[in-house]
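Working notes, beginning with the structure itself.
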Amino acid sequence: MRPLNLTLIGLTLGLFSAITFTLCILWDLALPAYSMLRVWELVLPGFRGISPASFVLGLGESFLYGVYAALVFVPLYNWLSRRIDASPATIIPRGGQA
């Protein structure tokens, strides 16, 4: 099995997180009664309300959270994939011993 590409997965998860953040901010603007601003202020350091500067900061931080997820996930996946593929399969015959 081919290993996962860290750069490709990092960019993919980073963009996914940034797009999701943007959609959530648009949701906050459209439906303020269901706003997630408090959550963003707790999760994203420096994010304070909806302003252009806060949006850019939150966008960058969201992207970096996605990259961080890839930095943890991809090496773990590749390591486990190598270990599982390297171990020989044991076939036990029906009704017999290995």
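Read the figures in this text as sums done on the coordinates, not as results from a lab. Predicted, not measured: the structure shown is a model, and the values here were computed from it.
A few notes on this one:
- For region 17-59, Kirkwood radius (reciprocal of mean inverse C-alpha pair distance, Å): 10.2 Å
- Converting phi to 3J(HN,Hα) with the Karplus coefficients 6.51, -1.76 and 1.60 and the offset θ = phi - 60°, region 45-57 yields x, x, 6, 9, x, 9, 9, x, 5, 5, 4, 4, 4 Hz in sequence order, with x at every glycine or proline.
- J(HN,Hα) series, region 65-79, from Karplus relation 6.51 cos²θ - 1.76 cosθ + 1.60, nearest Hz, glycine and proline x: 4, x, 5, 4, 4, 5, 4, 8, 6, 4, x, 4, 4, 4, 5
- Across region 16-32, computed HN-Hα scalar couplings (Karplus, 6.51 cos²θ - 1.76 cosθ + 1.60, θ = phi - 60°) run 4, 5, 5, 5, 4, 4, 4, 5, 5, 5, 4, 4, 4, 6, 6, 10, x Hz from first to last residue, x flagging Gly and Pro.
- Under the criterion of Cα pairs below 8 Å and six or more residues apart, the relative contact order for the chain equals 40 percent.
- A Cα-only calculation for the chain places Rg and Dmax at 21.3, 71 Å.
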